[in-house]
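Just below is one structure, and these are the notes that go with it.
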Amino acid sequence: MTFQSHLFSLSGSLPAWHALLMLAPALLYSLAALLAGRRASVAAGWRHAKSATLAALLLAAGALLGVLAGSRGAGYGMQADVLGGIVLVLVTFVGWVIVRYSQPYLDGEPQQRHYLRWLLATLATVGVVIATDHVLVLALAWTATSLSLHRLLTFFADRPEAVVTAHKKFIVGRAADLCMFGAAALLWAAFGTLHISQLLAQATALPQLPWTAQAAVLLIACAALLKCAQLPFHGWLIQVMEAPTPVSALLHAGVVNLGGLVLMRFAPLVSEVLAAQVLLVAFGAATAVVASLVMTTRISVKVMLAWSTCAQMGFMLMQCGLGVWEMALLHFAAHSLYKAHAFLGAGGMVRRTSLMRLTPRAGAPGALSLALGVVMGVAMTLAAGLVWSQGLASHAPPPVMWVLAGIVALALVPLVHAQALRLRGGRLAALALGAFGIAFAYLGLHHVLGLWLQPLKTTTPTALWLGVALAFGALFLLQSVLVVAPQGQLARWLYPWFYGGLFLDEKFNRMAFGLWRPPVPVAPLHPPLPLPDGSLSLAGAAPEPAALVSPLISGARA
């Protein structure tokens, strides 16, 4: 095996101070969780949590600065590189914002200490996933993240929907954990070590990966697909709306995307296992396409955001399968920041959406205007790509980069068309300049991350990038037809199928709940009501498991 360059290379032994900086956020979160125990006052718990999250953010920034200054390597069970530094800063920033948002949001809630303990525990385990250099510790921390988050998803444990949805996530999470522990065992058999830096160094010296290592990589890819809520294991992510809004923000911004981080940790191995690449591209692209179509049929803002996350995770995993790791990291960071803002600002989005529905709607765009949007989007993206490739790149971009640039161009079409209808003729040049700026910034960030990360030189199989190009081209054509003729025969035929998510989740429910039925809510929804004859009504009692499962199995088709 020949590695021209390691995507997130470790140049030497990690100094003790830098290892401590990488681990410090997790330690601070753990300490704050302990201080938020039952004996502490609620005010003291919030005070400790805000202090710990702010200190964690500052220490994470110090760790990233150390990496950029040249202190990279592995040691003391930790590793420090650009990948870990960026993601650690990102997660600590999101954690700091969520804690500050949560205090007024949960004001008056009797279980605030419970919320604080498990929120901080979740952040601590995510910190360990980011910083560790050991496969088994990574697998255990990833499992602990899921279990801690489970306590937040069942925060309102008397709500049947919360219990059933968390149970679905629990089932999918345990399947992913089995994949990760199996991968750890196989990597030990292949290399005799579970230190990520050491096994990657050994893999570099081998002409070909042994079958045990290839099987391990395939299991890691399966774990990422399961944890990132890819079809058909996506239902829990769409239905987990009974948790507090800050929990949704944390889930979508810093937990569900950890599968991408794990894949990036093993980038050199994934790039050598074609089966894993095909699996990631096939499931990721299919999920991105289907979830994008389903999202257009939904009215609920939070449900739309959940389907958006499902699609974005598919796109990120597809990028990992294509070997464009720096683009996957850019997508990881951008999605995290956007989804944290979107969920925490969901109330404002609801108000804006309501106002938009009260305003007169513009007519459906015609084929000519869509064609004009395509020409403008493609032209501006092509111009931005040529500027960057001529100005900074030392070689021509590979075909897969032009495919991704083409997807960016098609993504600009709705924005360009909507603004063109609003601005009309005179400002068309300014609109084109805006489209150019978006494409230029996107491709520019790719180049910046490429300089920082020293991307792995790989050749993406032609069939993979060609399949992606065809899939997203077909998606754009179908969406264009539906936009031009929203009441047409094709739209009417497709609407119930995509509104139901192709009914994939119902099939998964039948299988999963047939093997492991969900628990009953821990408490009644409200006290029993007296009936006229003096007996007590069971209307407020916790329903039987069958009553919880049946609506989720058959409700969507109805």
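For the pair Leu54/Ala383, report the inter-label distance in nm, with labels modelled 7 Å from Cα in the Cβ direction.
So the label points at Leu54 and Ala383 sit 4.6 nm apart.
Can you work out ³J(HN,Hα) from phi for every residue in the range 458-469, in order, using Karplus 6.51 cos²θ - 1.76 cosθ + 1.60 and θ = phi - 60°, giving whole Hz and x for Gly and Pro?
So the J values, rounded to whole Hz, are 10, 10, 6, x, 4, 4, 6, 5, 5, x, 5, 4.
How much accessible surface does Leu370 have with a 1.4 Å probe, in Å² rounded to 10?
Rounded to the nearest 10, that gives 20 Å².
Per residue, how big is the convex hull of the range 165-270 when only Cα atoms are used? Give it in Å³.
Details: hull volume 9.9 nm³, N = 106.
Dividing the Cα hull volume of the range 165-270 by its residue count gives 94 Å³.
Rounded to the nearest 0.05, what FRET efficiency do Leu34 and Leu368 give with R0 = 45 Å and r taken as the Cβ-Cβ distance? Could you check?
That pair, Leu34 with Leu368, gives E of 0.10.
If you count only protein heavy atoms and use a 1.4 Å probe, how large is the accessible surface of Trp118, to the nearest 10 Å²?
For Trp118, the solvent-accessible surface is approximately 70 Å².
Taking 0.36 nm per residue of separation and subtracting the Cα-Cα distance, what length does fully extending Leu136 through Trp188 add?
Between Leu136 and Trp188, full extension yields an extra 17.7 nm.
Residue by residue through the range 107-117, what is 3J(HN,Hα) from phi via Karplus (6.51 cos²θ - 1.76 cosθ + 1.60, θ = phi - 60°)? Round to whole Hz and write x for glycine and proline.
Once θ is set to phi - 60°, the couplings for the range 107-117 become 4, x, 6, x, 9, 5, 5, 4, 4, 4, 4 Hz.
Between His134 and residues 5 or more places away or on another chain, which pairs have amide H atoms under 5 Å apart, with H built 1.01 Å from N, and which residues are they?
Ile196
In the range 465-483, whose amide N lies under 12 Å from the spot 7 Å out along Cα-to-Cβ of Thr296? List them in ranges.
Of the residues in the range 465-483, 474-483 have backbone N under 12 Å from the label point off Thr296.
Just tell me which lysines come within less than 25 Å, Cα to Cα, of Lys507; anything on the same chain fewer than 8 places away is out.
Lys168, Lys169, Lys227, Lys302
Quick check on the range 1-136: take the gyration tensor over C-alpha atoms, sort the square-rooted eigenvalues as a ≥ b ≥ c, and tell me if it's rounded (a/c under 1.5), prolate or oblate.
Since a/c reaches 1.5 and a/b is larger than b/c, the shape of the range 1-136 is classed as prolate.
Sort Arg38, Arg492 from largest to smallest accessible area, using a 1.4 Å probe on the heavy atoms of the protein chains.
Largest accessible area first, the list is Arg38, Arg492.
Can you work out the accessible area per residue across the range 222-261, with the rest of the protein chains kept in place, probe 1.4 Å, in square angstrom?
It amounts to 13 Å² per residue over the range 222-261.
If you add up the charges near Ala224, with Lys and Arg at +1 and Asp and Glu at -1, over every other residue whose beta carbon is less than 14 angstrom from its beta carbon, what do you get?
Here the charged neighbours net out to +1.
Of His48, His335, which has the most accessible area with a 1.4 Å probe, and how do the rest follow in descending order? If you can, show how the numbers build up before the last one.
On the way: His48 65, His335 10 Å².
Greatest to least solvent exposure: His48, His335.
Express the carbon and sulfur contribution to the solvent-accessible surface of the range 26-169 as a percent, rounded to the nearest whole number, probe 1.4 angstrom. Walk me through the numbers on the way to the answer.
On the way: 3320 of 5240 Å².
After summing per-atom areas, the C and S share lands at 63 percent.
In nm, give the distance between the simple-model label positions of Met511 and Gln202, each being 7 Å from the Cα along the Cα-to-Cβ direction.
Each label point is offset 7 Å from its Cα along the Cβ direction, giving 3.4 nm.
Under 5 Å between amide hydrogens, which residues at least 5 positions from Gly73 or on another chain qualify, with H placed 1.01 Å from N in the peptide plane?
When sequence neighbours closer than 5 places are left aside, the close amide H contacts are Ser11, Gly12, Ala80.
To the nearest 0.05, what FRET efficiency results for Leu65 and Phe503 with a Förster distance of 35 Å applied to their C-beta separation? Walk me through the numbers on the way to the answer.
Numbers: r = 50 Å, r/R0 = 1.42.
Between Leu65 and Phe503 the formula returns 0.10.
So, with +1 on the Cβ of K and R and -1 on the Cβ of D and E, and no other charges, what is the size of the charge dipole of the range 99-168 about its Cα centre, to the nearest 20 debye?
Rounded to the nearest 20 debye, it is 40 debye.
Rounded to the nearest 0.05, what FRET efficiency do Ala463 and Ala429 give with R0 = 45 Å and r taken as the Cβ-Cβ distance? Could you check?
0.65
Taking a 1.4 Å probe, which of Phe332, Phe315 shows the most accessible area, and what order do the others take after it? Show your work: numbers first, answer last.
Values: Phe332 5, Phe315 25 Å².
Order by accessible area, largest first: Phe315, Phe332.
Across the range 58-64, in residue order, what do the Karplus-derived ³J(HN,Hα) couplings come to in whole Hz, using 6.51 cos²θ - 1.76 cosθ + 1.60 with θ = phi - 60° and x for Gly and Pro?
Karplus values, whole Hz, x for Gly and Pro: 5, 5, 5, 4, x, 5, 5.
The values are calculated or read from the model by the stated rules, or taken from the named source; none is laboratory data. It should be emphasised that the depicted structure is a prediction, and the values quoted were computed from it without experimental measurement. Positions of Cβ are generated from backbone atoms using ideal geometry, with glycine treated the same way; all protein chains shown enter the neighbour counts. Ligands, DNA and RNA are stripped out before the accessible areas are found, and what is left, the full protein with its side chains, is counted by its heavy atoms. Shrake-Rupley method; radii C 1.70, N 1.55, O 1.52, S 1.80 Å.
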